[in-house]
Amino acid sequence: MKRGSPTLEGFQTIFRQPWLGLAEIAWRWSFGAAVVAALAFALREYLATLPVAAGEMLLLRTGQPALMLQAIARIFQGSAPRATAAFVVLTLSLTVGWIVLASLGRAATLKALLEHFRGSVLPVSSSQALTSLLALNALRAATMLAATAGLLGAALLAASASSPADSTPGLAVLIFWMLCMLTGLACSMLNWYLSLAAVFAVKDRTSTIGALAAAIDLCRARPGSLAAPATWFGLAHTIVFVVASSAAAFPLGFAEALPGGMVFGGLLLVTLLYFAAVDFLYIGRLASYVFMIEQPEPLPPETSLLPEPAN
């Protein structure tokens with residue numbers, strides 16, 4: 001394979017092989033649609049189980065905010081255990097579904113990227129590679145769960161720093177945001193590392209431990225080469241976010257003159273275009289890592305390895 005810039009190869013792959021980005025969008029958005037449908041169905045079924053008496057209906061029809069809030073409090077009284085049970089079941093089901101779908105989707109995209117850079121068709125992914133991807137994605141899900149628990153812990157710790165007797169809201173907010181930043185940084189680094197290990201799981205068809213070890217070796221051997229694509233694609237992601245934020249302000253500026261449906265449709269379109277661009281950038285960054293791993297490590301000049309001639 002000819003030598004080249006992994007970052008440049010990643011950006012070129014987005015334009016040369018756009019179907020890879022579309023494939024990434026297909027499996028990610030399919031899961032997103034399933035999540036929305038499951039949440040809507042669960043909410044509908046939960047609301048159907050709430051008893052509404054004639055007196056509560058009368059309070060709701062009064063139009064008085066205080067009476068309506070009192071009726072709503074009565075309707076939802078005692079329903080917290082059902083809501084909690086439904087949330088736990090839904091979260092576990094969606095997590096398992098994401099692990100399976102993400103493993104199948106990543107196996108397909110990585111196989112296509114390896115074939116693109118090698119110029120040859122690879123055999124069908126083995127069960128070992130799929131098993132490793134399942135384990136890696138399960139670790140990613142556990143990382144997100146730990147990050148969520150960390151955010152809850154940050155909120156509790158920040159709340160304990162400010163008591164009614166000695167109220168210091170500024171200190172509580174500072175502690176909360178600092179802990180959130182540290183939690184988010186640790187979660188993003190672990191997620192990036194597990195995503196990198198997935199490349200070795202498909203490329204070498206190795207075990208989960210072997211893929212993690214190979215990712216560690218690459219981080220130790222070529223930290224600068226890994227940092228370059230992450231930096232440039234991160235910068236591109238930031239630019240896309242700024243552009244999308246500016247575009248979202250356009251329909252909001254006409255919120256008073258346009259119907260609510262048109263404003264919501266404009267925001268939804270901008271959001272979908274933003275997520276589509278992010279998925280394409282993710283495939284480009286992944287292509288950079290695959291190209292880097294497939295590319296041999298540059299050797300030192302031969303002249304430095306030969307002994308100096310005797311005078």
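Nothing in this text is a laboratory measurement; each read-out follows from the coordinates by a stated rule. All values derive from a computational prediction rather than experimental measurement. When we count neighbours, we look across all protein chains shown, and the Cβ atoms used for this are built from the backbone with ideal geometry, even at glycine.
Key figures for this structure:
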{"read-out": "Rounded FRET efficiency, nearest 0.05, which uses the C-beta distance separating LEU268 from VAL100 and R0 of 35 Å", "value": "0.80"}
{"read-out": "Listed values (1) 16.2; (2) 26.7; (3) 15.4, entry calculated as mean projected area of the Cα convex hull in nm²", "value": "(2)"}
{"read-out": "In sequence order, calculated HN-Hα J values of segment 60-69 (Karplus, 6.51, -1.76, 1.60; Hz; x Gly/Pro)", "value": "5, 7, 5, x, 8, x, 5, 5, 5, 5"}
{"read-out": "Rounded FRET efficiency, nearest 0.05, which uses the C-beta distance separating TYR46 from LEU67 and R0 of 22 Å", "value": "0.40"}
{"read-out": "For segment 249-257, 3J(HN,Hα) per residue [Karplus equation, 6.51 cos²θ - 1.76 cosθ + 1.60, θ = phi - 60°, Hz, x = Gly/Pro]", "value": "6, 5, x, 5, x, 9, 4, 7, 9"}
{"read-out": "Helical contribution to [θ] at 222 nm, DSSP H n ≥ 4, -39,500 (n - 2.57), averaged over the chain, rounded to 500", "value": "-28500 deg cm²/dmol"}
{"read-out": "Relative contact order (percent, whole number), the chain, Cα cutoff 8 Å, 6+ residue spacing", "value": "28"}
{"read-out": "Nitroxide proxy distance, nm - points 7 Å out along Cα→Cβ at LEU174 and MET189", "value": "2.4"}
{"read-out": "Crossing angle, helix 18-48 versus the chain [Cα axis fit, 0-90 degrees, rounded to tens]", "value": "20"}
{"read-out": "Three semi-axes of the equivalent ellipsoid, segment 6-146, Cα gyration tensor, whole Å, largest first", "value": "48, 18, 11"}
{"read-out": "Dipole magnitude (debye, nearest 20) for the chain, charges at Cβ of Lys, Arg, Asp, Glu", "value": "500"}
{"read-out": "Pairwise FRET efficiency - THR238 versus THR131, Cβ, R0 = 45 Å, nearest 0.05", "value": "0.80"}
{"read-out": "Under the Karplus curve 6.51 cos²θ - 1.76 cosθ + 1.60, θ = phi - 60°, whole-Hz ³J(HN,Hα) for segment 217-230, x wherever Gly or Pro sits", "value": "4, 5, 4, 6, 7, 9, x, x, 5, 6, 6, 4, x, 4"}
